[in-house]
Amino acid sequence: MAARKTTAKPNVSADELKAYYRDMLLIRRFEEKAGQLYGMGLIGGFCHLYIGQEAVVVGLEAAAEEGDKRITSYRDHGHMLACGMDPDGVMAELTGREGGYSKGKGGSMHMFSKEKHFYGGHGIVAAQVPLGAGLAFADKYKGNGRVTFTYFGDGAANQGQVYETFNMAALWDLPVIFVIENNQYAMGTAQKRSTSTPDLYTRGEAFGIKGEVVDGMDVLAVKAAGEKAVAHCRSGKGPYILEIKTYRYRGHSMSDPAKYRTREEVQKMRSERDPIDHVRDLLLQGKHATEDDLKAIDKEIKKIVSDSAEFARTSPEPALDELWTDIYADA
Ligand SMILES: Cc1ncc(C[n+]2csc(CCOP(=O)(O)OP(=O)(O)O)c2C)c(N)n1
Ligand SMILES: [Mg+2]
(Lines give C-alpha, C1' and ligand atoms only; values in the text may rest on other atoms or scores of the structure.)
(Ligands and ions follow the chains in the order given, each with its own letter.)
Protein backbone atom coordinates (compact mmCIF):
# COMPACT_ATOMS: atom_id res chain seq x y z
CA MET A 1 0.00 0.00 0.00
CA ALA A 2 1.50 3.33 -1.01
CA ALA A 3 1.99 6.26 1.34
CA ARG A 4 -0.02 9.48 1.00
CA LYS A 5 0.23 11.01 -2.42
CA THR A 6 1.84 14.37 -2.72
CA THR A 7 2.10 16.54 -5.76
CA ALA A 8 4.20 19.22 -4.08
CA LYS A 9 7.46 19.63 -5.94
CA PRO A 10 10.28 18.79 -3.56
CA ASN A 11 12.76 21.59 -3.04
CA VAL A 12 15.76 19.26 -3.28
CA SER A 13 17.63 17.55 -6.09
CA ALA A 14 16.94 14.00 -7.27
CA ASP A 15 20.29 12.92 -5.81
CA GLU A 16 19.43 14.35 -2.41
CA LEU A 17 16.05 12.62 -2.42
CA LYS A 18 17.71 9.33 -3.34
CA ALA A 19 20.22 9.82 -0.53
CA TYR A 20 17.39 10.31 2.01
CA TYR A 21 15.66 7.20 0.71
CA ARG A 22 18.88 5.24 1.04
CA ASP A 23 19.73 6.54 4.49
CA MET A 24 16.26 5.85 5.87
CA LEU A 25 16.22 2.40 4.32
CA LEU A 26 19.60 1.61 5.88
CA ILE A 27 18.20 2.41 9.32
CA ARG A 28 15.01 0.39 8.69
CA ARG A 29 16.82 -2.72 7.45
CA PHE A 30 19.53 -2.45 10.09
CA GLU A 31 16.92 -2.31 12.84
CA GLU A 32 14.97 -5.22 11.38
CA LYS A 33 18.18 -7.25 11.38
CA ALA A 34 18.98 -6.19 14.95
CA GLY A 35 15.49 -7.39 15.93
CA GLN A 36 16.21 -10.77 14.31
CA LEU A 37 19.60 -11.13 16.01
CA TYR A 38 17.94 -10.26 19.31
CA GLY A 39 15.34 -12.98 18.70
CA MET A 40 18.16 -15.45 18.06
CA GLY A 41 19.70 -14.63 21.45
CA LEU A 42 22.75 -12.95 19.94
CA ILE A 43 22.06 -9.54 21.52
CA GLY A 44 21.90 -9.24 25.29
CA GLY A 45 20.42 -6.49 27.46
CA PHE A 46 18.11 -3.78 26.24
CA CYS A 47 17.52 -3.01 22.58
CA HIS A 48 15.25 -0.14 21.50
CA LEU A 49 14.45 0.00 17.81
CA TYR A 50 13.95 3.19 15.78
CA ILE A 51 11.69 1.75 13.07
CA GLY A 52 9.11 4.37 11.96
CA GLN A 53 11.16 7.36 13.15
CA GLU A 54 13.78 7.35 10.37
CA ALA A 55 12.78 10.67 8.76
CA VAL A 56 13.57 12.57 11.95
CA VAL A 57 17.24 11.85 12.08
CA VAL A 58 17.81 11.72 8.32
CA GLY A 59 16.06 15.08 7.84
CA LEU A 60 18.07 16.74 10.59
CA GLU A 61 21.37 15.29 9.41
CA ALA A 62 20.59 16.85 6.03
CA ALA A 63 20.48 20.21 7.81
CA ALA A 64 23.72 19.65 9.77
CA GLU A 65 27.26 20.58 8.79
CA GLU A 66 30.59 18.93 9.43
CA GLY A 67 31.58 19.38 13.07
CA ASP A 68 28.04 19.75 14.43
CA LYS A 69 27.33 17.46 17.36
CA ARG A 70 24.58 15.06 18.30
CA ILE A 71 23.54 13.33 21.51
CA THR A 72 20.49 11.18 22.19
CA SER A 73 18.78 8.59 24.36
CA TYR A 74 18.91 4.78 24.32
CA ARG A 75 16.93 4.68 21.02
CA ASP A 76 20.13 5.51 19.26
CA HIS A 77 21.06 3.18 16.38
CA GLY A 78 19.38 5.41 13.78
CA HIS A 79 21.30 8.46 14.96
CA MET A 80 24.58 6.59 14.69
CA LEU A 81 23.94 5.35 11.17
CA ALA A 82 22.61 8.71 9.98
CA CYS A 83 25.74 10.57 11.07
CA GLY A 84 27.90 8.10 9.19
CA MET A 85 29.07 5.66 11.84
CA ASP A 86 30.03 2.24 10.53
CA PRO A 87 27.15 -0.30 10.54
CA ASP A 88 29.65 -3.13 11.28
CA GLY A 89 30.86 -1.40 14.43
CA VAL A 90 27.32 -0.64 15.61
CA MET A 91 26.02 -4.18 14.99
CA ALA A 92 29.08 -5.76 16.62
CA GLU A 93 28.53 -3.59 19.68
CA LEU A 94 24.97 -4.88 19.86
CA THR A 95 26.29 -8.44 19.97
CA GLY A 96 28.94 -7.45 22.55
CA ARG A 97 31.97 -8.18 20.36
CA GLU A 98 35.49 -6.81 20.15
CA GLY A 99 34.78 -5.12 16.80
CA GLY A 100 32.02 -2.98 18.32
CA TYR A 101 32.28 0.77 18.89
CA SER A 102 32.80 0.24 22.64
CA LYS A 103 34.80 -2.99 22.10
CA GLY A 104 31.75 -4.97 23.17
CA LYS A 105 31.63 -3.38 26.61
CA GLY A 106 28.78 -0.92 26.06
CA GLY A 107 25.98 -2.52 24.05
CA SER A 108 23.00 -0.86 22.43
CA MET A 109 22.79 2.21 24.67
CA HIS A 110 26.46 3.06 25.06
CA MET A 111 28.28 3.89 21.85
CA PHE A 112 30.21 7.03 20.93
CA SER A 113 32.22 8.40 18.03
CA LYS A 114 34.55 11.35 18.41
CA GLU A 115 35.15 11.30 14.68
CA LYS A 116 31.45 11.72 13.86
CA HIS A 117 30.74 13.92 16.88
CA PHE A 118 28.24 11.44 18.31
CA TYR A 119 28.12 11.66 22.11
CA GLY A 120 25.85 8.69 22.97
CA GLY A 121 23.61 6.72 23.70
CA HIS A 122 22.17 7.48 27.24
CA GLY A 123 19.98 5.09 29.23
CA ILE A 124 18.75 7.49 31.89
CA VAL A 125 15.73 9.34 30.56
CA ALA A 126 16.67 13.00 29.77
CA ALA A 127 20.23 12.65 31.09
CA GLN A 128 21.52 13.66 27.68
CA VAL A 129 19.69 17.00 27.74
CA PRO A 130 22.01 18.89 30.12
CA LEU A 131 24.97 17.10 28.52
CA GLY A 132 23.86 18.42 25.13
CA ALA A 133 23.75 21.95 26.51
CA GLY A 134 27.24 21.37 27.90
CA LEU A 135 28.53 20.41 24.45
CA ALA A 136 26.97 23.60 23.07
CA PHE A 137 28.54 25.60 25.89
CA ALA A 138 31.98 24.30 24.90
CA ASP A 139 31.39 25.28 21.27
CA LYS A 140 30.17 28.73 22.22
CA TYR A 141 33.23 29.18 24.46
CA LYS A 142 35.52 28.17 21.61
CA GLY A 143 33.57 30.34 19.16
CA ASN A 144 33.71 27.64 16.49
CA GLY A 145 30.17 28.14 15.08
CA ARG A 146 29.08 24.56 15.78
CA VAL A 147 25.55 23.50 16.75
CA THR A 148 24.49 20.57 18.96
CA PHE A 149 21.41 18.47 18.22
CA THR A 150 20.08 17.25 21.56
CA TYR A 151 17.41 14.60 21.01
CA PHE A 152 14.91 13.39 23.62
CA GLY A 153 11.45 11.85 23.78
CA ASP A 154 7.98 13.07 24.70
CA GLY A 155 8.29 11.25 28.03
CA ALA A 156 11.65 12.87 28.75
CA ALA A 157 10.08 16.26 28.03
CA ASN A 158 8.31 16.00 31.42
CA GLN A 159 11.59 15.66 33.35
CA GLY A 160 12.76 18.46 35.63
CA GLN A 161 16.34 18.61 34.37
CA VAL A 162 15.04 19.57 30.92
CA TYR A 163 13.74 22.87 32.33
CA GLU A 164 16.89 23.65 34.30
CA THR A 165 18.71 23.12 31.00
CA PHE A 166 16.30 25.34 29.06
CA ASN A 167 16.96 28.11 31.56
CA MET A 168 20.74 27.96 31.32
CA ALA A 169 20.74 27.45 27.55
CA ALA A 170 18.55 30.53 27.07
CA LEU A 171 20.48 32.59 29.62
CA TRP A 172 23.76 31.89 27.83
CA ASP A 173 22.37 31.83 24.26
CA LEU A 174 23.79 28.36 23.69
CA PRO A 175 23.78 26.96 20.12
CA VAL A 176 21.66 23.91 20.95
CA ILE A 177 18.64 22.52 19.12
CA PHE A 178 16.37 20.63 21.49
CA VAL A 179 14.80 17.95 19.31
CA ILE A 180 11.76 16.38 20.96
CA GLU A 181 11.03 13.14 19.12
CA ASN A 182 7.35 12.89 19.99
CA ASN A 183 6.50 9.30 19.09
CA GLN A 184 3.36 9.59 21.25
CA TYR A 185 4.37 7.02 23.86
CA ALA A 186 6.74 6.80 26.79
CA MET A 187 7.11 3.05 27.33
CA GLY A 188 3.42 2.03 27.64
CA THR A 189 2.09 5.48 28.51
CA ALA A 190 0.32 7.45 25.80
CA GLN A 191 1.18 11.13 25.78
CA LYS A 192 -2.38 12.18 26.60
CA ARG A 193 -2.29 10.15 29.83
CA SER A 194 0.90 11.78 31.11
CA THR A 195 1.16 15.29 29.76
CA SER A 196 -0.84 18.33 30.87
CA THR A 197 0.19 20.60 27.98
CA PRO A 198 0.65 18.35 24.95
CA ASP A 199 2.11 21.03 22.64
CA LEU A 200 5.70 20.30 23.57
CA TYR A 201 7.12 22.89 21.18
CA THR A 202 5.70 25.60 23.50
CA ARG A 203 7.57 24.27 26.52
CA GLY A 204 10.39 26.79 26.09
CA GLU A 205 8.14 29.85 26.14
CA ALA A 206 8.72 30.52 29.83
CA PHE A 207 12.43 30.82 29.01
CA GLY A 208 12.06 32.79 25.80
CA ILE A 209 13.00 29.81 23.61
CA LYS A 210 11.26 29.62 20.24
CA GLY A 211 9.83 26.32 19.09
CA GLU A 212 7.84 24.75 16.31
CA VAL A 213 6.05 21.53 15.56
CA VAL A 214 7.13 19.45 12.57
CA ASP A 215 5.70 16.49 10.64
CA GLY A 216 8.25 13.81 11.46
CA MET A 217 7.00 11.38 8.82
CA ASP A 218 8.07 13.80 6.07
CA VAL A 219 11.83 14.00 5.69
CA LEU A 220 11.63 17.21 3.65
CA ALA A 221 9.57 18.99 6.32
CA VAL A 222 12.11 17.87 8.94
CA LYS A 223 15.03 19.07 6.84
CA ALA A 224 13.39 22.50 6.27
CA ALA A 225 12.67 22.93 9.99
CA GLY A 226 16.18 21.76 10.82
CA GLU A 227 17.72 24.36 8.50
CA LYS A 228 15.70 27.10 10.16
CA ALA A 229 16.73 25.96 13.63
CA VAL A 230 20.39 25.63 12.62
CA ALA A 231 20.42 29.13 11.12
CA HIS A 232 18.90 30.50 14.34
CA CYS A 233 21.54 28.82 16.52
CA ARG A 234 24.50 29.58 14.28
CA SER A 235 23.63 33.27 14.15
CA GLY A 236 24.06 33.48 17.92
CA LYS A 237 20.37 33.76 18.83
CA GLY A 238 20.51 30.89 21.33
CA PRO A 239 18.57 27.63 21.61
CA TYR A 240 15.62 26.42 19.52
CA ILE A 241 13.03 23.69 20.08
CA LEU A 242 11.74 21.34 17.39
CA GLU A 243 8.88 19.08 18.41
CA ILE A 244 8.91 16.41 15.73
CA LYS A 245 5.77 14.28 15.59
CA THR A 246 6.67 10.74 14.74
CA TYR A 247 5.69 7.17 15.57
CA ARG A 248 7.48 3.98 16.51
CA TYR A 249 6.14 0.84 14.88
CA ARG A 250 7.75 -1.61 17.30
CA GLY A 251 7.40 -1.89 21.06
CA HIS A 252 9.31 0.37 23.45
CA SER A 253 12.07 -2.23 23.60
CA MET A 254 12.39 -5.81 22.42
CA SER A 255 10.64 -7.06 25.56
CA ASP A 256 7.49 -4.95 25.11
CA PRO A 257 4.35 -6.77 23.91
CA ALA A 258 2.75 -3.33 23.20
CA LYS A 259 -0.67 -4.09 24.66
CA TYR A 260 -1.36 -0.40 25.29
CA ARG A 261 -2.30 0.31 21.65
CA THR A 262 -4.19 -1.51 18.93
CA ARG A 263 -2.68 -3.26 15.95
CA GLU A 264 -4.99 -1.14 13.79
CA GLU A 265 -3.43 2.06 15.09
CA VAL A 266 0.06 0.84 14.12
CA GLN A 267 -1.12 -0.53 10.79
CA LYS A 268 -2.81 2.75 9.89
CA MET A 269 0.42 4.68 10.47
CA ARG A 270 2.45 2.16 8.52
CA SER A 271 0.17 2.17 5.53
CA GLU A 272 -0.72 5.86 5.40
CA ARG A 273 2.26 7.76 6.83
CA ASP A 274 5.36 5.66 6.31
CA PRO A 275 8.32 8.04 5.77
CA ILE A 276 10.19 5.72 3.41
CA ASP A 277 7.15 5.05 1.21
CA HIS A 278 6.66 8.80 1.10
CA VAL A 279 10.09 9.44 -0.45
CA ARG A 280 9.69 6.44 -2.69
CA ASP A 281 6.49 7.96 -4.05
CA LEU A 282 8.16 11.35 -4.53
CA LEU A 283 10.98 9.71 -6.46
CA LEU A 284 8.74 7.64 -8.70
CA GLN A 285 5.96 10.18 -9.28
CA GLY A 286 8.47 12.94 -10.02
CA LYS A 287 10.38 10.57 -12.33
CA HIS A 288 13.55 11.19 -10.33
CA ALA A 289 14.17 7.45 -10.15
CA THR A 290 12.94 4.26 -11.76
CA GLU A 291 11.84 1.08 -10.01
CA ASP A 292 15.19 -0.39 -11.08
CA ASP A 293 17.13 2.48 -9.47
CA LEU A 294 15.30 1.82 -6.22
CA LYS A 295 15.89 -1.92 -6.48
CA ALA A 296 19.62 -1.23 -6.84
CA ILE A 297 19.56 0.87 -3.66
CA ASP A 298 17.60 -1.89 -1.83
CA LYS A 299 20.22 -4.41 -2.92
CA GLU A 300 23.12 -2.24 -1.78
CA ILE A 301 21.49 -1.75 1.64
CA LYS A 302 20.70 -5.45 2.01
CA LYS A 303 24.36 -6.27 1.49
CA ILE A 304 25.61 -3.64 3.97
CA VAL A 305 23.22 -4.96 6.61
CA SER A 306 23.90 -8.65 6.04
CA ASP A 307 27.67 -7.97 6.08
CA SER A 308 27.26 -6.12 9.38
CA ALA A 309 25.36 -9.07 10.87
CA GLU A 310 28.06 -11.45 9.68
CA PHE A 311 30.76 -9.25 11.23
CA ALA A 312 28.75 -9.02 14.45
CA ARG A 313 28.46 -12.80 14.63
CA THR A 314 32.10 -13.56 13.87
CA SER A 315 33.99 -10.78 15.67
CA PRO A 316 35.47 -12.32 18.86
CA GLU A 317 34.23 -11.71 22.39
CA PRO A 318 36.34 -9.04 24.14
CA ALA A 319 39.35 -10.37 26.09
CA LEU A 320 39.05 -10.26 29.88
CA ASP A 321 41.82 -7.67 30.26
CA GLU A 322 39.67 -5.24 28.27
CA LEU A 323 37.89 -4.70 31.58
CA TRP A 324 40.80 -2.45 32.56
CA THR A 325 40.85 -0.27 29.43
CA ASP A 326 38.79 2.78 28.43
CA ILE A 327 38.03 3.57 32.06
CA TYR A 328 38.91 7.23 31.62
CA ALA A 329 38.62 9.17 28.37
CA ASP A 330 41.75 10.68 26.83
CA ALA A 331 42.04 14.40 27.46
C1 LIG B 1 15.25 8.61 35.02
C2 LIG B 1 14.60 7.41 34.38
N3 LIG B 1 13.33 7.10 34.71
C4 LIG B 1 12.72 6.02 34.14
C5 LIG B 1 13.39 5.25 33.24
C6 LIG B 1 12.68 4.07 32.57
N7 LIG B 1 12.33 4.47 31.20
C8 LIG B 1 13.11 4.09 30.17
S9 LIG B 1 12.55 4.69 28.73
C10 LIG B 1 11.23 5.43 29.45
C11 LIG B 1 10.22 6.19 28.61
C12 LIG B 1 10.77 7.38 27.90
O13 LIG B 1 9.92 7.75 26.83
P14 LIG B 1 10.27 8.86 25.78
O15 LIG B 1 11.05 9.93 26.43
O16 LIG B 1 8.99 9.26 25.14
O17 LIG B 1 11.23 8.16 24.73
P18 LIG B 1 10.95 6.97 23.70
O19 LIG B 1 11.27 5.69 24.42
O20 LIG B 1 9.54 7.06 23.28
O21 LIG B 1 11.91 7.17 22.59
C22 LIG B 1 11.25 5.22 30.82
C23 LIG B 1 10.22 5.74 31.76
C24 LIG B 1 14.73 5.60 32.93
N25 LIG B 1 15.44 4.90 32.05
N26 LIG B 1 15.30 6.69 33.50
MG1 LIG C 1 8.20 8.65 23.32
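Things to note:
- Flag for His79 being of a type outside the set (Ser, Thr, Tyr), under 16 Å from the mean Cα position of the chain (by Cα) and not in a helix (DSSP H, G or I): no
- Only one of Ala82, Ala55 that is under 30 Å from Pro316 (Cβ atoms) and crowded, with 21+ Cβ neighbours inside 10 Å: Ala82
- Of the residues contained in segment 141-152, one or more are found to be more than 16 Å from ligand 2 (Cβ to nearest atom), under 20 Å from His79 (Cβ atoms), open to solvent by less than 10 Å² (accessible area, probe 1.4 Å) and among the aliphatic types (A, V, I, L, M).
- Selection of segment 277-315 for residues being open to solvent by 40 Å² or more (accessible area, probe 1.4 Å), under 22 Å from Ala82 (Cα atoms) and touching a helix residue (DSSP H, G or I) at 6+ places or on another chain (Cβ under 6 Å) yields Ile304, Phe311.
- Evaluation of Lys237 against (1) surrounded by fewer than 20 Cβ atoms within 10 Å (Cβ to Cβ); (2) of a type outside the set (Gly, Ala, Ser); (3) assigned to a loop (DSSP other than H, G, I, E, B); (4) within 16 Å of ligand 1 (Cβ to nearest atom) (one fails), failing number: (4)
- Ile177 vs. criteria within 16 Å of ligand 2 (Cβ to nearest atom) and either assigned to a helix (DSSP H, G or I) or under 21 Å from the mean Cα position of the chain (by Cα) (or both): no
- Any chance Lys9 is out of contact with any Ser or Thr (no Cβ under 6 Å at 6 or more places or on another chain), at pLDDT below 95, open to solvent by 10 Å² or more (accessible area, probe 1.4 Å) and farther than 19 Å from Ile297 by Cα: yes
- Residue in segment 41-55 that is in contact (Cβ under 8 Å) with a residue 12 or more places away in the chain, closer than 23 Å to Arg270 by Cβ and of a type in the set (Val, Ile, Thr) present: yes
- Subset of segment 240-265 (residues that are acidic (Asp, Glu) and crowded, with 21+ Cβ neighbours inside 10 Å): Glu243
- Looking across segment 58-69, the residues that are among the charged types (D, E, K, R) and surrounded by 21 or more Cβ atoms within 10 Å (Cβ to Cβ) come down to Glu61, Asp68, Lys69.
The values are calculated or read from the model by the stated rules, or taken from the named source; none is laboratory data. As the structure is a prediction and not an experimental result, all values here were calculated from the model. Positions of Cβ are generated from backbone atoms using ideal geometry, with glycine treated the same way; all protein chains shown enter the neighbour counts. With ligands, DNA and RNA removed, areas are computed over all heavy atoms of the protein, side chains included. Shrake-Rupley method; radii C 1.70, N 1.55, O 1.52, S 1.80 Å.
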